[in-house]
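One structure is given below, encoded as structure tokens.
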Amino acid sequence: MDLKLEPIVDELPAGFADLEADATADGHRQMTCLAAELTETPAFFHAAYACCLGGRLAGIGAMTDEPAPTAQPTWRMRRFYVHREFRRRQVAFSIAMALLQDAAGKVSTMTVHAGNQAAAQFWEAIGFRRVADLAWSHQRTMRDTTAGQMRSTAGRGERSRSRRSPTARICHCAALDLPLHQSLKGRS
């Protein structure tokens, strides 16, 4: 199944009611909060993305200013939720990478409040580090770059990895210092 990632601009994506119901049944309120915030104060969000898998809304994530006081401009990853049927299928990874790409060159620190151990492990796997005694549980220092653009690794003295998988084109995001796989296999 193909992942489809789209920015949320003016309205909630199709299938949002099902995602919100799943989040509520799973004991999470972030989709209900997201719906209210997007309706009442859409400028609250720097960016928000919806990820569809097999034509269904699989997850959502967004970022805002860090609500706690900080010494430097800091943004927070928030309102993340992946439908239970679509977990471990690269949905959260795709959303997080898109948001980190959007933040590249704009802020020096990204934060997140991981609500449980599984979330903490996810954020740590993509470069956030656990912090103590702050209003957030994890943070990530963004590389200082003005471009924040993806560049192909092929043709820079490295062997193209596309031969191993015809659907995977390996890219590197300089601002994130992480490999990004268009096929995104093996990530949750």
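The values are calculated or read from the model by the stated rules, or taken from the named source; none is laboratory data. Since the model is a prediction, treat every value here as computed from it, not as a measurement. Counting neighbours? That spans all protein chains shown, and the Cβs are built from the backbone with ideal geometry, glycine included.
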- Among the candidates 14, 35, residue that is farther than 20 Å from residue 137 by Cβ and either surrounded by 13 or more Cβ atoms within 10 Å (Cβ to Cβ) or touching a Gly at 6+ places or on another chain (Cβ under 6 Å) (or both): 35
- Query: Quick one: would you say residue 39 is at pLDDT 95 or above, β-branched (Val, Ile, Thr) and either outside any strand (DSSP E or B) or touching a Pro at 6+ places or on another chain (Cβ under 7 Å) (or both)?
  - Reply: no
- Item | Check on residue 141, polar (S, T, N, Q), at pLDDT 90 or above, within 22 Å of residue 43 (Cβ to Cβ) and under 20 Å from the mean Cα position of the chain (by Cα) | no
- When region 126-146 is examined, which residues are found to be within 29 Å of residue 84 (Cβ to Cβ) and either loosely packed, with under 12 Cβ neighbours inside 10 Å or touching a helix residue (DSSP H, G or I) at 6+ places or on another chain (Cβ under 8 Å) (or both)? 126, 129, 130, 137, 138, 140
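Give the residue that is nearest to residue 79 (Cα to Cα), with candidates limited to residues of region 111-135 that are among the hydrophobic types (A, V, I, L, M, F, W, C) and assigned to a loop (DSSP other than H, G, I, E, B).
114
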- Task: For region 160-168, indicate whether the set of residues that are at pLDDT 50 or above, more than 22 Å from residue 51 (Cβ to Cβ) and not aromatic (Phe, Trp, Tyr) is non-empty.
- Result: no
- Message: Would you confirm whether or not region 25-32 contains a residue that is touching a residue at least 12 places away in the same chain (Cβ under 8 Å), of a type in the set (Asp, Glu) and surrounded by 14 or more Cβ atoms within 10 Å (Cβ to Cβ)?
- Response: no
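Find the residue count for region 89-110, including only residues that are of a type in the set (Val, Ile, Thr) and either buried (at least 24 other Cβ atoms within 10 Å of the Cβ) or part of a helix (DSSP H, G or I) (or both).
2
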- Residues being at pLDDT below 95 and among the β-branched types (Val, Ile, Thr) - total across region 9-31: 1
